[in-house]
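All remarks here apply to the structure that follows.
The values are calculated or read from the model by the stated rules, or taken from the named source; none is laboratory data. Everything quoted here is computed from the prediction, not taken from an experiment. Virtual Cβ from ideal backbone geometry, glycine too; neighbours counted across all protein chains shown.
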C-alpha cells in the first residue's frame, strides 16, 4: 500500500508540507525559539529537499501523467521516479542529521544520478516526437543535467578547501540559473503547451531554440566581468533578447488561456495569476541587467534570496498546485476552494515580509518582521494541513 502511495499526488502534497514545516522551524530561530536542531542543518535540508523532493519530483510526476496514466507508467520510468524519491528523502533526513557529511553527500550525489537516469529514460521515450511540448521537454532535461555541473564544481571547491567567495558564488549561481530558468521553466512550458496543444499550431519553433541559446548564454551575465566591457555589452543584448522572448511566449500563453472556452474559471484565474507573477519576475530580470541595479542586487544577498523565494513559491509551486487541482489530482469540496485562495494570499504576504527584510531597517522593525513571518508561516502550515485533509481523492489527467 505504501509503495503505491509514493506514486500518487498525495505524497507530493506531503512533501510540500515537509518543506513548509522546515521553513517554520527556520523562522523559529529568528525569534529565539530552540527547535533542538542546528540552523545550518535545517537550512541545507530545507533547500535540498525543496528543489529535489518537491519541485523536481512534482515536475517528474506531471510529466509522467502528461505522457501516461497512473497505472501505465513504463517500468523504467517508475524505477527512476522511485529512485529519485528515495534519494530526495535520504537528503532530507541526512542533512538534518549532519548537514554536509558523508551520508548527505552520498544521497545528494545519488539524487543527481537519479535525475540522469530519469532524463535518459525520458529522452528514449520522446526521441521521435517533434511537437512544441516535447522540444521544450528535451531542453528542460538538458538543463537538468547541465545544472548538476555546478554541484560537482562546488563539491570540488569544498574538497580542495578553496575559500574564494566569488568563485563559490558563481558556482551556486550556475546551479540556480539552470534550475530556475532552465529545467523548471522549460518543464513548466512543456506541460502548459501540451495541455493546450491544439491552440499553438502557429507557434514558431525557432523561438524555442533561441530561448534555449539565450538562456544558456545569459548565465555569463551573472559573473563579474568588469574588466571586459565589450563582452558585457554583448551579454546585455543577449539578456534583453532572452527577456523579450520570455514575454513573447507568455503573451501567446495569456491570449490562448484568455480566449479558451474549454477550461474552467479556477484554472483560468490560476494561470492568469501565475502569468502576472511571471511578468513581475521578468521586470526584476530586466532591471537586474542594468549596471546600476545589478551592482545593488549583487551586494544585497537578502534581496536575491527574496527573489528566489518569490519564483519558487509563487510561480513554480503555485503552478504545480494549480495544475494538480485542475487535473483533479487534488480534490476539494467546492465550498472549500477559498482555502486555496487564502493559501496563495498567505504566500504573497510572506513575500512582502521577506521583501521588507531585504532593506536596512531598525532593530525593532526587524524583530517585528521576524515575529510576523513566523506567525505567518504557522498559518501557512495549518492552512495547507487543512487542504491535505480535505483532499478526498485523486484522479488522472
- prompt: Conditions: (1) surrounded by fewer than 18 Cβ atoms within 10 Å (Cβ to Cβ); (2) under 24 Å from residue 306 (Cβ atoms); (3) at pLDDT 85 or above. Residue 367 meets all but one. Number of the miss?
  reply: (3)
statement: In the stretch 109-166, anything without any contact (Cβ under 8 Å) to a residue 60 or more places away in the chain and assigned to a loop (DSSP other than H, G, I, E, B) is listed as 127, 128, 129, 130, 160, 161, 162, 163, 164
- prompt: Quick check: is even one residue across the stretch 97-108 within 27 Å of residue 376 (Cβ to Cβ) and at pLDDT below 90?
  reply: yes
- request: Could you check, for the stretch 56-72, whether at least one of its residues is without any contact (Cβ under 8 Å) to a residue 24 or more places away in the chain, more than 20 Å from the chain's Cα centre (by Cα), in a helix (DSSP H, G or I) and over 21 Å from residue 172 (Cα atoms)?
  value: yes
- request: Could you tell me which numbered condition residue 34 fails, if it satisfies all but one of (1) over 18 Å from residue 78 (Cβ atoms); (2) in a helix (DSSP H, G or I); (3) modelled with pLDDT under 90?
  value: (2)
field: Which numbered condition residue 91 misses (of (1) loosely packed, with under 15 Cβ neighbours inside 10 Å; (2) part of a helix (DSSP H, G or I))
entry: (1)
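Can you confirm whether residue 99 is farther than 30 Å from residue 39 by Cβ and surrounded by fewer than 20 Cβ atoms within 10 Å (Cβ to Cβ)?
On the way: farther than 30 Å from residue 39 by Cβ: no; surrounded by fewer than 20 Cβ atoms within 10 Å (Cβ to Cβ): yes.
For residue 99, the condition - farther than 30 Å from residue 39 by Cβ and surrounded by fewer than 20 Cβ atoms within 10 Å (Cβ to Cβ) - is not met.
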